[in-house]
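Asker: Okay, handing you the structure first.
Laboratory data are not the source of any read-out in this text; all were calculated from the coordinates shown. The shown structure was predicted, so the numbers you read here are calculated from the model rather than taken from an experiment. Neighbour counts run over all protein chains shown; Cβ positions are idealised from the backbone, glycine included.
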Amino acid sequence: MDYPSSVLSINNPIESLYINHLSPSLPAMMVGVSPKMAAFCISVITPIIFLFCSVAADPDPLQDVCVADYTSEVKVNGYACKPTFNEMDFFTDALSKPGPTNNSLNVVLSSANVLRIPGLNTLGLSLTRIDYAPGGINPPHSHPRATEMVFVLEGQLDVGFITTSNVLVSKSIKKGEVFVFPKALVHFQMNNGKEPAIGINAFNSQFPGSQVLADTLFASTPTVPNNVLAKAFQVETKEIEKIKYKLAPKK
């Protein structure tokens, strides 16, 4: 078999590493493999390993538990650990009851993330319960730090996400069914049925974050300039002002 000259060159740092450091301690499965063959394999496999490490969600914990210390001034990628903890640090009843859906979107979210369960700190997991009135919508948004799965507990939902190639992937799902939203892609859920619906959403992050497109663009502080949005959406400035007025935080 022919290998790229860049790999076979004695000046290749991976081959040099193999010859000088790795060859004396190769596992049994590598016995009989030539140094150049092993160097080639390492040069191919190593970038793949780094790739998988780089796309992981929250980092793995280095101890059994690291219960979040909300009072600590130390802020790293998560919370510092409390010196003591008890069973209540790993518990919440936040998802046990439906919330009020009498709002403009006819939907309410109840989260069980690290802000409610300090024991989730470093564990890379969270849940959200979403109650939908008929016509309720969880509007287009994204989670920059997590992939999401929705399980329909009651009713039915129309769900979908949009790829970076602007392809809509959508489906109607009913009680007992699951749908996946890839990490960071814009997605939505809507109850187009005549009965209330409930979704249980799981995330591979203790705090996935959320950016609702409408709020991000039209209700930021300070606001995005009107001429920027008007140009982007190809509308008149007065249309942008109307949207901003509707989405402005209620005082």
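Asker: If I model a spin label at Asn86 and Val178 as a point 7 Å from the Cα along the Cα→Cβ vector, what separation in nanometres do I get?
Answerer: Between Asn86 and Val178, the simple spin-label model gives 3.5 nm.
Asker: Taking K and R as +1 and D and E as -1, what net charge do the other residues with C-beta under 14 Å from the C-beta of Thr92 add up to?
Answerer: Counting the neighbours of Thr92, the net charge comes to 0.
Asker: Full extension from Tyr70 to Ser165: what is 0.36 nm times the residue separation minus their Cα-Cα distance, to one decimal in nm?
Answerer: Contour length minus Cα-Cα distance gives 30.2 nm.
Asker: So for the stretch 87-218, averaging the separation of alpha carbon pairs under 8 Å that are six or more residues apart and normalising by length, what relative contact order in percent results?
Answerer: 31
Asker: Going by how many other beta carbons lie within 10 Å of each one, how would you line up Tyr245, Tyr79, Tyr70, fewest first?
Answerer: Neighbour counts put them in this order, fewest first: Tyr245, Tyr70, Tyr79.
Asker: First select every other residue whose beta carbon is under 12 angstrom from the beta carbon of Asn138; then total the charges, Lys and Arg +1, Asp and Glu -1.
Answerer: So the surrounding residues net to -2.
Asker: Taking Lys183 as the anchor, which aspartates and glutamates have their alpha carbon closer than 15 Å to its alpha carbon, excluding any fewer than eight residues away along the same chain?
Answerer: By straight Cα distance, Lys183 reaches Asp58, Glu148.
Asker: Using Cβ counts within 10 Å as a stand-in for footprinting exposure, how do Ser110, Ser170 rank, fewest first?
Answerer: Ser170, Ser110
Asker: Going by C-beta contacts inside 10 Å, put Leu229, Leu115 in order with the fewest on the left.
Answerer: By the 10 Å Cβ count, ascending: Leu115, Leu229.
Asker: Under the 0.36 nm per residue contour assumption, what length would be gained going from the current alpha-carbon distance of Glu236 and Leu62 to full extension?
Answerer: Taking Glu236 through Leu62 to full extension adds about 57.2 nm, to one decimal.
Asker: Grab the beta carbon distance between Lys97 and Val228, set R0 = 35 Å, and tell me the FRET efficiency rounded to 0.05.
Answerer: Working from the Cβ atoms, E equals 0.25.
Asker: Taking a ≥ b ≥ c as the square roots of the Cα gyration tensor eigenvalues, with a/c under 1.5 meaning rounded and otherwise prolate when a/b beats b/c, else oblate, which class fits the stretch 64-208?
Answerer: prolate
Asker: Of Lys171/Lys194; Lys97/Lys175; Lys194/Lys238; Lys97/Lys250, which ones are farther than 28 Å apart at the Cα?
Answerer: Distance filter (> 28 Å) returns Lys194/Lys238.
Asker: Here's something else I'd like to know. If you take the square roots of the eigenvalues of the alpha-carbon gyration tensor of the stretch 76-138 and sort them as a ≥ b ≥ c, do you get rounded (a/c under 1.5), prolate (a/b over b/c) or oblate?
Answerer: Since a/c reaches 1.5 and a/b is larger than b/c, the shape of the stretch 76-138 is classed as prolate.
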